[in-house]
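Novice: Before I ask anything, let me first share the structure, which is written out below as structure tokens.
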């Protein structure tokens, strides 16, 4: 791991249709697995049906960067199923069909030049623009 790596990394949780639910910002030198649980905790309650709002996802899918037995156990303790690709296994798990929605949402997020090329020194400003970009992606997804 390069501790002096410049830049930032965007972590995104989306629903099955590619609508962003939560986004976090970290330094580029942070590993992805450290953001799995904070990203799941950042998902707001989902309303729509009668009754109490849904507060947790039914399952979490991720690529090999999020593979950790400790995190799998913590998610299963919360009654959240995991479909995370394992490291050191051959490719072809079939998760790429679902992972495409996340990759497309990240590509849409990085179409905003302010997020693709980071000029802001302050994290709060960059997170604000990331929130605006996620809101615009949601609006485009839900009104098309």
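Only the coordinates and a few stated rules stand behind these numbers; no lab work does. These figures come from a predicted structure and were not determined experimentally. Neighbour counts are summed over all protein chains in view; Cβ atoms, including those assigned to glycine, are modelled from backbone coordinates with ideal geometry.
Novice: Please arrange 56, 49 by how many other C-beta atoms lie within 10 Å of their C-beta, fewest to most.
Specialist: Working: 56 14, 49 8.
Exposure proxy ranking, most exposed first: 49, 56.
Novice: At a threshold of 8 angstrom on Cα-Cα distance, excluding pairs fewer than six apart, so keeping six or more, what relative contact order does segment 8-135 reach in percent?
Specialist: Working: 150 pairs, mean separation 29.0, N = 128.
Normalised by residue count, the contact order of segment 8-135 is 23 percent.
Novice: Continuing with the same structure: Separation between the residue 117 and residue 9 pseudo-spin-labels, each 7 Å from Cα along Cα→Cβ, expressed in nm?
Specialist: 2.4 nm
Novice: Okay, moving on. Once you've got the GNM for the chain with C-alpha springs shorter than 10 Å, pick whichever of 45, 90, 57 has the biggest mean-square fluctuation.
Specialist: With Cα springs under 10 Å in the chain, the top fluctuation among 45, 90, 57 is at 90.
Novice: Just report the Cα centroid separation between segment 1-62 and segment 105-144, whole Å.
Specialist: So the separation of the two Cα centres works out to 14 Å.
Novice: Let me ask you something else. What share of Cα pairs, in percent, lie more than 22 angstrom apart in the chain? It would help to have the intermediate numbers written out before the result.
Specialist: Details: 4497 of 10296 pairs.
Within the chain, distances greater than 22 Å cover 44 percent of Cα pairs.
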